[in-house]
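> My structure is below; once you've seen it, I'll send some questions.
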Amino acid sequence: MVSCKPSPRFLSTTLLWFAVFVTVCKGDSDPTDGFTAVSLDESNFKLQQPYNLDPSERYSFENGIRKLWVYSNDEPFKQDSDTKPRTEIRMTVIKQLQLVNIYNTDNSSLSAYQEKILYTKNVIFSEGYDYSDGVWQFEGYGYVPSGTTGVSIMQIFGADNQATSIMLRVYDGQLKYYNMDVIEDNIYDRWFRVNVIHTVGDSITVFIDGTQKYVADDKGGSDHYFKFGVYTQEGSSDYMESRWKDVQIYNMS
């Protein structure tokens with residue numbers, strides 16, 4: 001007889017998607033309901049600015065507000081890069097090098113006078129919030145001054161056939177999905193709350209000021225991370241700036 005019992009992995013994935021569906025569809029809920037905030041410190045915020053400039057020439061962090069700016073004629077963030085100018089923060093993985101003792105677990109081969117430690121080696125432990133599966137969420141309060149246009153202010157890196165799964169771009173005061181659909185009008189000169197939920201393998205949902213504004217299909221890929229700041233796109237202004245505060249990452253387990 002053929003068993004129709006679903007696998008534990010299928011059940012786990014289905015429950016996660018159902019939890020996200022309930023979270024994003026319940027009108028009086030907050031986008032972070034059902035999620036757990038992860039621990040962040042400054043080591044998780046990696047700045048990428050034009051390679052030939054000191055960070056202070058394109059970035060400041062004062063009174064809890066991160067201000068990032070760039071000019072359209074700036075250099076890329078790496079000398080050998082062909083990408084456009086940016087000043088972005090990449091939510092990064094921390095890599096730590098530690099000495100680890102390797103023990104002999106075959107006690108029968110040890111005499112009373114032998115050490116159990118066979119040898120010691122260097123091991124790199126990764127701590128951070130790159131991800132390849134599950135449900136993850138970016139949250140932050142953004143501010144874009146009038147005049148800034150043709151720029152990505154937030155993105156999820158990683159996809160099958162392109163660099164990113166989503167970009168939130170600003171064009172003439174509108175927040176757009178890439179250079180296509182309008183997500184929010186009139187974003188200049190005000191603080192707005194941004195929540196982006198990535199259900200890997202399924203969808204990406206964007207909330208502005210706590211209200212669901214857009215849902216896009218996931219674009220695949222096996223390595224993802226969040227970025228925010230200013231990254232020059234087509235039709236950009238000469239000067240681009242965004243400000244951010246209270247940035248947080250959440251996941252759903």
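> Could you tell me whether the range 216-228 includes any residue that is in a loop (DSSP other than H, G, I, E, B), under 26 Å from residue 74 (Cβ atoms) and among the polar types (S, T, N, Q)? Full working, then the answer.
Step one: filter the range 216-228 for residues in a loop (DSSP other than H, G, I, E, B), giving 218-223.
If we keep only those that are under 26 Å from residue 74 (Cβ atoms) too, we end up with none.
Within the range 216-228 (the criterion being in a loop (DSSP other than H, G, I, E, B), under 26 Å from residue 74 (Cβ atoms) and among the polar types (S, T, N, Q)), the answer is no, since none of the residues qualifies.
> Suppose the filter is at pLDDT 95 or above, open to solvent by less than 50 Å² (accessible area, probe 1.4 Å), among the β-branched types (Val, Ile, Thr) and part of a loop (DSSP other than H, G, I, E, B); does residue 87 pass it? Walk me through how you get there before you give the answer.
On the way: at pLDDT 95 or above: yes; open to solvent by less than 50 Å² (accessible area, probe 1.4 Å): yes; among the β-branched types (Val, Ile, Thr): yes; part of a loop (DSSP other than H, G, I, E, B): no.
It is false that residue 87 is at pLDDT 95 or above, open to solvent by less than 50 Å² (accessible area, probe 1.4 Å), among the β-branched types (Val, Ile, Thr) and part of a loop (DSSP other than H, G, I, E, B).
> Give me the pairs, please: first residue somewhere in the range 170-183 and more than 17 Å from residue 196 (Cα to Cα) and among the hydroxyl-bearing types (Ser, Thr, Tyr), second residue anywhere and open to solvent by 20 Å² or more (accessible area, probe 1.4 Å) and outside any loop (DSSP other than H, G, I, E, B), beta-carbon distance under 7 Å, and either six or more positions apart or on two chains.
Short answer, once both residue conditions are applied: none.
> In addition: Look through the range 32-84, keep the residues that are among the hydrophobic types (A, V, I, L, M, F, W, C) and over 26 Å from residue 234 (Cα atoms), and return whichever of them is surrounded by the fewest Cβ atoms within 10 Å (Cβ to Cβ).
So the first thing to find is which residues in the range 32-84 are among the hydrophobic types (A, V, I, L, M, F, W, C), and the list is 35, 37-38, 40, 45, 47, 53, 61, 65, 68-70, 77.
The next check asks that each one be over 26 Å from residue 234 (Cα atoms); those that pass are 35, 37-38, 40, 45, 61, 65.
Values: 35: 23, 37: 12, 38: 15, 40: 14, 45: 16, 61: 17, 65: 14.
Result: 37.
> Hey, residue 171 hits all of (1) modelled with pLDDT of 90 or more; (2) touching a strand residue (DSSP E or B) at 6+ places or on another chain (Cβ under 8 Å) but one; which does it fall short on?
(2)
> Within the range 226-238, which residues are surrounded by 15 or more Cβ atoms within 10 Å (Cβ to Cβ) and more than 21 Å from residue 193 (Cβ to Cβ)? Explain how you work it out, then say what you get.
Applying the first criterion (surrounded by 15 or more Cβ atoms within 10 Å (Cβ to Cβ)) to the range 226-238 yields 226-233, 236-237.
Selection gives 232, 233, 236, 237.
> Moving on to the next point. In the range 177-190, what count of residues is obtained for those that are over 18 Å from the mean Cα position of the chain (by Cα) and surrounded by 15 or more Cβ atoms within 10 Å (Cβ to Cβ)? Give the derivation first.
The first filter runs over the range 177-190 and keeps only residues over 18 Å from the mean Cα position of the chain (by Cα), leaving 179-190.
Of the ones still in play, those that are also surrounded by 15 or more Cβ atoms within 10 Å (Cβ to Cβ) are 183-184, 187-188.
The total comes to 4.
> Now for a different question. Can you confirm whether residue 206 is open to solvent by less than 20 Å² (accessible area, probe 1.4 Å), assigned to a strand (DSSP E or B) and within 23 Å of residue 59 (Cα to Cα)? Working first, answer last.
Working: open to solvent by less than 20 Å² (accessible area, probe 1.4 Å): yes; assigned to a strand (DSSP E or B): yes; within 23 Å of residue 59 (Cα to Cα): no.
No.
The values are calculated or read from the model by the stated rules, or taken from the named source; none is laboratory data. It should be emphasised that the depicted structure is a prediction, and the values quoted were computed from it without experimental measurement. In this analysis, Cβ positions are derived from the backbone assuming ideal geometry, glycine residues included, and neighbour counts consider all displayed protein chains. Protein only, heavy atoms only, side chains kept; ligands, DNA and RNA dropped before computing areas. Shrake-Rupley method; radii C 1.70, N 1.55, O 1.52, S 1.80 Å.
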